[in-house]
Each structure stands twice: as C-alpha cells, then as structure tokens.
1. Once you treat every alpha carbon in segment 157-242 as an equal point and sum by Debye, what is log10 I(q)/I(0) at q = 0.10, 0.19, 0.20, 0.25 Å⁻¹?
2. Translational D (Stokes-Einstein, µm²/s) of segment 90-186 at 37 °C and 0.692 mPa s when Rh comes from the Kirkwood sum over C-alpha pairs?
3. So if R0 is 22 Å, what FRET efficiency would Val111 and Ala71 give, r being the distance between their Cβ atoms, rounded to the nearest 0.05?
4. With θ set to phi - 60°, apply the Karplus curve 6.51 cos²θ - 1.76 cosθ + 1.60 along segment 106-118 and write out the HN-Hα couplings as whole Hz, x wherever there is a Gly or Pro.
5. May I ask for the distance between the Cα centers of segment 61-106 and segment 207-272, given as a whole number of Å?
6. How would segment 187-285 be classified by its alpha-carbon gyration tensor: rounded, prolate or oblate, with rounded meaning a/c under 1.5 and the a/b versus b/c comparison settling the rest?
7. If you stretched the chain out fully between Ala200 and Glu125, how much longer would it get, using 0.36 nm times the residue separation minus the C-alpha to C-alpha distance?
8. Enumerate the amide H contacts of Val130 below 5 Å, restricted to partners 5 or more residues apart or on another chain; note that Pro and chain-start residues carry no placed amide H.
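Read-outs throughout are calculated quantities, based only on the coordinates presented, and are distinct from any laboratory measurement. Just so it is clear, the structure is predicted and the values come from calculations on it, not from any experiment. Neighbour counts run over all protein chains shown; Cβ positions are idealised from the backbone, glycine included.
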Amino acid sequence: MVAVLAVLAAARVVHASPDDPPLPNPGSPTLPLPLAPDPDVRPPDDSVRPPDVDGLGVMSIRTGTFGDVDASLAHQLEGNAIGLVPGARIALVAHTFVDLALPVADRSGDVALGNAMVGIGWLPEDDGVVGIELRVAAATSPSTGGGATALATLAAPQVARAELVLPHTTSAELVADWRWRGDAWWLQPEAGLAAWWQPAGYATVARAALAGGVRIAPWLDLTASFVMRLDVTSRDSSNNFVHAVLAGAVLHTTSGELAIRAEVPIDDGALDDHRFLIGLELRAR
C-alpha cells in the first residue's frame, strides 16, 4: 500500500505545471471569479439629465399620442368662471403632430363652448429648436349672452392662450420654441404671431414667453413663465401691451403628470380688478 501511494504522488508531481494556479490551502475560502460589468449600472460620478417636462403657457414638447385635461378657475371682481379644456395630440410621420382642443366655460350656470382649435406642428430631433406649430381656432363660441360673459371672464386673466376662450373669435397663430437644458434645469423661450377676427374687428397680435423649470426631486419639478402680448393693430391703444406671470409645480406619477399653476396678470387694470386664474392639468404619458 505504501508503494502504491508513493507511485501516485510521484505521478502527480510529474504532471504538475509551473503555470498551474496554486491550489488553495485546506479550509481557505474560495475566491469568486470577477463578473462582467453591468451595462445598466452607471458609474457613480456620471450626471444624469432628468426627463423634459412641459412648461406653462408654452408649446408642449412631448412626443407620441396622448390626451390632456385642463381645468381652471378664473376670478375677477365681476365674478368667477370655470373652464375645462380637453385636448389631444396625435403623432404623425416624420416628427409631425396634430393638436386638438375644445374649451367649455361655465359662469353661474351659463355654459358655452369656447373656440375649437386644431394645430399642426413639427418637433425636430434637435437640442436647439424644440418645435414649430401653426394653430387655427374656429369661432364656435357665442358673441353675446351669458355664455359670452362666461368666456370673457375666463379669458380676462389669460395672456398666453386667451384666443381659445375669447367670445366668437377666429384666430390663426404661428409659434416657434427653443430650449436650453442643464442637468437639473431648463429654459424655453417662445415667439408667436397671430391674427384675430372678432365681432369688433381684426387684430394682429405678437406674443413672447420665457418659461423655465428646475428638478427638485424625482417626483417634483418647479416651473414658471413670463408672458407678454402686444396688439400690433390695436383698437384700444391704452391696453395694447399686457403681461402675466405663471408659476406652478409638476408632479410626476406612474401614469402621467399633474401640473398645478397660478396665472396672474401684472398690469394696472388687471391688478385693480383682482384678476387671477388657478389651473390644474392632467397630462397623460
């Protein structure tokens, strides 16, 4: 038996190679093999840009097909009005889209449709130009009566999209937007030129807005906008330049976003009438 063990030991020494890794000592832990890096795990010092969100009073930059609902309460000394604006975006080919909206206003039981709007636009894959859109609104709203009063009350605090609820107004507007993005902030200027046809006559309207936002938490963005509107061909030279501040927050959920905003005109007439608007918008993904 001793001779057999000696022969086996000699054979093991003969077949051993100096290139073979050393065997672990009895009782020592086995070292695990190194794992390949996970491509879904980023290095800890890489910055991650938060997803883009829509600003207040400016063009939506979301792609795809979705629907939104915007509910608002407008206040002034003459009374209050409630507005509801269901809308939808339909994605087309080559980064183009169609926007649809039809507002409804109510003031003390006087209910009226606003102006039906359809827009066609383009969202290029570019970090500079965000989008270009042509919007046309048909005068589906009344020109007199309680319904027209409800719409006028709802339009009074609004500078950015007043043509949707101005009584019996047909409009056409071309807007263009840009956006600058940081790791946790963004800025979006917008410029637009519109034509309004109303019972009182025709007006050419220029508009400019600057929106911005900052990411506070993965579920929360704070955002604000400053909007100016100029009646180029004005029927009332004392009130042809108006301004408003919009401020709010965007809450992110698993099914979409909830945007809460306040719109406050900052001109003397608006401040004297205590005009403001509180809005709540449900944005689908």
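1. -0.33, -0.86, -0.92, -1.23
2. Details: Rh = 14.9 Å.
The Stokes-Einstein estimate is 220 µm²/s.
3. Numbers: r = 14 Å, r/R0 = 0.65.
Between Val111 and Ala71 the formula returns 0.95.
4. Each residue's phi maps through the Karplus curve to give 9, 9, 6, x, 8, 10, 8, 6, x, 9, 5, 10, 10 Hz.
5. Each part's Cα centre sits 15 Å from the other's.
6. Details: a/c = 2.41, a/b = 2.04, b/c = 1.18.
Taking the square roots of the gyration eigenvalues as a ≥ b ≥ c, segment 187-285 is prolate.
7. Values: separation 75, 0.36 × 75 = 27.00 nm, distance 4.17 nm.
So the chain would gain 22.8 nm between Ala200 and Glu125.
8. Amide H neighbours of Val130, under 5 Å, 5+ apart: Asp177, Trp178, Arg179.
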